[in-house]
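Data first, discussion second: the structure below is written as structure tokens.
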Amino acid sequence: MKLTEEYEDLRKTVEAFARDVVAPVIGELYEREEFPYDIVRQMGQMGLFGLPIPEEYGGMGGDYFALCLALEELARVDSSVSITVEAAVSLGAMPIYRFGTAEQRAEWLPKLTTGEMLGAFGLTEPGGGSDVPGGMRTTAVLDGNEWVINGSKAFITNSGTDITGVVGVAAITGRRADGRPEISTILVPAGTPGFTVAKKYSKVGWNCSDTRELSFTDCRVPAENLLGERGRGYAQFLQTLDEGRVAIAALSVGLAQGCVDECLRYVRDRQAFGHPIGHYQAIQFKIADMEVRTHTARLAYYHAAEKMLAGEPFKKEAAIAKLVSSNAAMDNARDATQIFGGYGFMNEYPVGRFYRDAKILEIGEGTSEVQRMLIARQLGLGDL
């Protein structure tokens, strides 16, 4: 797929920003586990947080593929910065844009699309995992004109920064006739009494992103903070998740490409036995395999995005793209670390960060096992 001039201009702009602004400072921020507020501010000024949101809400009037291109270029340098944008847009702003009332859109989107404020989505719980409905314990009870929320959420990105403004919280709001939980989404503004944000997790990777556990104790918000229809919260999130998987695939491709980029530079300079190590076929083959994985994964997410933008069913393609791309990121990070040898184990080199960041891509937004399950179901195997 050849990018249009508009897409290519965006890609080049973000590529230059990642190279010139992010790359020089991200290593130190990463080691200090410091959230990159200045980088976020500049990305907001560039319009990256509003790429797929219409201009009437402060967005750029682009589409989801434009967001994916930006995520890929950011992740070529650092995944923490990329996931901050991905979560803020896919999980924070897009649900409000897709399912919110006119009042909710007017209240939240202008600040979310400019990066002045970050949004988050609280779905996963400490005792849950892939079985979201079965593992959910958070409840929301309607008391007069207020929802009263009790429960906790785990691994929530962008939930505790100084500029976090709102969290969409999935909660059980009742029971259906067959006993299954009725799940709805409720918008909880930051700072609401009863809403507590824990300190940052100590993570293996994504050290410049903000990830926390949330708790709700008799947390009251207005009844009109219900996002979309009551009882449709889980269905809304599944739609959001399909789009998010394409975005995570793009991020994964960026990391995989970053591994290729770093290795190509390194093997021209690193000498062994009288030659640059890129002279040796063992290294050449390893980098060739890395390039094949990256190229294939990019085609997979481009295809999923194409179907998504055309309004065609893309659940299977999104799962394929997410599975292939996260595998490529993990495999490329492992090979890049091996090529760099001892230097690959040092945090001062980007491949060390890439290696630490890659594993979560096989877990977040649906594990690799869940992607295989979805693909099998789309092939009709789930009914056998």
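The base-10 log of I(q)/I(0) for the chain, evaluated at q = 0.08, 0.09, 0.13 Å⁻¹, reads -0.40, -0.51, -1.05 [Debye formula, identical scatterers on Cα atoms, solvent excluded]. Remark: 208, 219 ranked as 219, 208, counting other beta-carbon atoms within 10 Å and listing the fewest first. Each Lys and Arg contributes +1 and each Asp and Glu -1, all at the Cβ; summed about the Cα centre of the stretch 119-229, the dipole is approximately 360 debye.
For the chain, calculate the relative contact order in percent as a whole number, restricting contacts to Cα pairs under 8 Å that are 6 or more residues apart.
On the way: 737 pairs, mean separation 61.5, N = 384.
It rounds to 16 percent for the chain.
Database remark: amide H of residue 227 closer than 5 angstrom to the amide H of 185, 186, 187 (H placed geometrically; neighbours at sequence offset of 5 or more, or on other chains; Pro and chain starts carry no H).
Across the stretch 209-253, Cα-Cα pairs farther apart than 14 Å form 72% of the total.
Shown here for the stretch 1-49: GluC sites (Glu not before Pro) in loop regions (DSSP other than H, G, I, E, B) with at most 14 other Cβ atoms within 10 Å, namely 34. Annotation: Cα Rg of the stretch 255-333 relative to the compact-globule expectation 2.2 N^0.38 Å equals 1.39. In this simple spin-label approximation, residue 224 and residue 16 carry label points 7 Å from Cα along the Cα→Cβ vector, and these lie 4.4 nm apart.
Checking a compactness column here: for the stretch 235-383, what do you get for Rg(Cα) / (2.2 N^0.38 Å), N being the number of residues? Before the final figure, lay out the partial values.
Details: Rg = 17.3 Å, N = 149, 2.2 N^0.38 = 14.7 Å.
Cα-based Rg divided by the globular estimate yields 1.17.
Dipole magnitude for the chain: about 880 debye, using +1 per Lys or Arg Cβ and -1 per Asp or Glu Cβ, origin at the Cα centre. Would you mind computing, in nm to one decimal, how far apart the modelled labels at residue 288 and residue 378 are, each placed 7 Å from Cα along Cα→Cβ? That separation, rounded to one decimal, is 3.1 nm.
Once you charge only the Cβ atoms, +1 for Lys and Arg and -1 for Asp and Glu, what is the size of the charge dipole of the stretch 235-383 about its Cα centre, to the nearest 20 debye? Write down the numbers at each step before the final one.
Numbers: 17 positive and 18 negative charges, 37 e Å.
Dipole size: approximately 180 debye.
Take each peptide in 335-341, 78-84, count the other Cβ atoms within 10 Å of every residue, and average; sorted highest first, the result is 78-84, 335-341. Of the beta bridges DSSP finds with both residues in the stretch 119-229, what % are antiparallel, to the nearest 5? Bridges in the stretch 119-229 that DSSP calls antiparallel: roughly 85 percent.
Go through the stretch 230-298 and name the chymotrypsin sites (Phe, Trp or Tyr not before Pro) that are in a DSSP coil and have 12 or fewer other Cβ atoms within 10 Å of their Cβ.
Details: sites: 234, 237, 266, 273, 280, 285; in loops: 273, 280.
Passing both the DSSP loop test and the Cβ count: 273.
Sorted from fewest to most neighbouring beta carbons within 10 Å, what does the list 316, 12, 322 look like? Intermediate results must be reported in sequence, preceding the final value.
Numbers: 316 18, 12 13, 322 34.
With the sparsest Cβ surroundings first, the list reads 12, 316, 322.
We did not get these values from a lab; they are worked out from the coordinates using the rules stated. Quick caveat: nothing in here was measured; it's all calculated off a predicted structure. Please note: Cβ atoms are built from the backbone with ideal geometry, for glycine as well, and neighbour counts cover all protein chains shown.
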